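These notes concern the structure reproduced below.
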């Protein structure tokens with residue numbers, strides 16, 4: 001007798017609702033920018049995002065209906081990870097400026113976003129086979145090498161996504177039962193490598209300095225000759241690296257409890273640069289207020305709740321670790337993005353899942369949600 005599938009309609013409708021809300025906010029935050037800066041119609045960014053949304057929802061539905069257990073094989077796990085690494089290598093060669101985009105005519109793809117579902121599949125595949133030997137060197141070695149290689153490739157151009165990948169891996173292996181001493185070593189190495197990647201790009205260093213030492217008093221004591229500050233300002237697009245975060249905080253603060261109303265944002269009038277992308281949460285706060293921001297946060301809480309529910313209900317190890325990896329990846333990315341907008345952490349350039357403009361991000365997020373819904377739907 002065929003298994004009767006059980007769709008998690010609560011999660012499914014929440015995801016669709018957040019995608020629709022994201023489309024509304026992309027239009028609201030980008031219509032003025034499209035006309036004044038790019039000299040195109042006000043619906044330009046909206047229709048591009050709508051096209052990606054339709055395609056990504058189709059991908060979600062396909063993944064949701066496919067039995068997740070068919071992905072539990074080495075061909076899928078290693079082929080997905082290897083394909084992403086090849087794409088990252090290709091984009092590093094073809095995009096000599098930012099090393100981020102693969103372009104084909106009007107279409108562009110950011111391969112680093114695809115590293116998220118690839119990593120989720122790999123972690124689930126590997127950990128379900130080694131769950132009883134998580135602290136064995138034959139388990140820790142391959143995981144450490146795999147995440148290090150993919151994080152290094154991603155971090156060269158997109159440090160924010162690399163941070164999400166590393167934090168997701170740490171959270172999942174922690175739940176899997178890794179020894180605390182190994183976690184401490186991973187944390188120390190991660191901080192060391194992260195510092196190196198920040199220093200490698202002057203604009204990253206400028207953001208970190210502005211966040212930690214805005215008036216440069218501490219830096220002046222460490223480097224009285226100003227060599228560090230001079231280096232940090234080499235490739236800065238603005239003399240004020242904290243400008244976006246301050247404008248975003250102004251946007252959130254001016255929204256009050258109920259907000260100024262859709263399309264009524266003042267900060268999107270070129271005060272908050274590229275408001276439809278990584279700092280769109282600021283426009284959400286300005287136009288929908290504390291109430292709208294709270295509803296949006298509630299959406300991510302539902303993703304967390306249903307994701308953990310699926311983790312505990314999954315009938316096999318692969319399903320559990322796949323659900324956990326997907327949930328942590330999306331929620332951690334949302335938490336970091338909102339923290340950046342509220343100036344709680346340095347600017348890392350991470351889009352807000354479901355909401356920010358960007359086809360690659362939306363595709364990656366809905367692919368992850370399709371995986372999560374597949375585990376939920378095919379759990380006995």
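The values are calculated or read from the model by the stated rules, or taken from the named source; none is laboratory data. These numbers were taken from a predicted model, which means no experiment stands behind them. FYI the Cβ positions are ideal-geometry reconstructions off the backbone, even for glycines, and counts take in every protein chain you see.
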Query raised in the report: If we only count helices (runs of 4 or more DSSP H) wholly inside the range 192-237, which ones have 3 or more residues that are touching a helix residue (DSSP H, G or I) at 6+ places or on another chain (Cβ under 7 Å) and within 17 Å of residue 163 (Cα to Cα)?
Result: 202-212
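Out of the range 26-49, which residues are in a helix (DSSP H, G or I) and in contact with a helix residue (DSSP H, G or I) (Cβ under 6 Å, 6 or more places away or on another chain)? Break it down stepwise before answering.
Step one: filter the range 26-49 for residues in a helix (DSSP H, G or I), giving 26-36, 44-49.
Across the range 26-49, the qualifying residues are 26, 27, 29, 30, 34, 44, 45, 46, 49.
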Report task. Please give the number of the condition residue 167 fails out of (1) under 21 Å from the mean Cα position of the chain (by Cα); (2) free of Cβ contacts under 8 Å to residues at least 60 places away in the same chain. Result -> (2)
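Yes/no matrix, rows are residues, columns are (1) crowded, with 23+ Cβ neighbours inside 10 Å; (2) within 17 Å of residue 190 (Cβ to Cβ):
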{"residue": "67", "(1), (2)": "no, no"}
{"residue": "84", "(1), (2)": "yes, no"}
{"residue": "95", "(1), (2)": "no, no"}
{"residue": "107", "(1), (2)": "no, no"}
{"residue": "114", "(1), (2)": "no, no"}
{"residue": "119", "(1), (2)": "yes, yes"}
{"residue": "157", "(1), (2)": "no, no"}
{"residue": "169", "(1), (2)": "yes, yes"}
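Let me confirm something: among 307, 285, 298, 289, which residue is in a helix (DSSP H, G or I), at pLDDT 95 or above, touching a helix residue (DSSP H, G or I) at 6+ places or on another chain (Cβ under 7 Å) and farther than 16 Å from residue 245 by Cα? Steps first, please.
Numbers: 285 fails: farther than 16 Å from residue 245 by Cα; 298 fails: touching a helix residue (DSSP H, G or I) at 6+ places or on another chain (Cβ under 7 Å); 289 fails: touching a helix residue (DSSP H, G or I) at 6+ places or on another chain (Cβ under 7 Å).
Of 307, 285, 298, 289, the one residue that is in a helix (DSSP H, G or I), at pLDDT 95 or above, touching a helix residue (DSSP H, G or I) at 6+ places or on another chain (Cβ under 7 Å) and farther than 16 Å from residue 245 by Cα is 307.
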Report task. Answer with yes or no whether residue 147 is at negative phi, in a helix (DSSP H, G or I) and at pLDDT below 80. Result -> yes
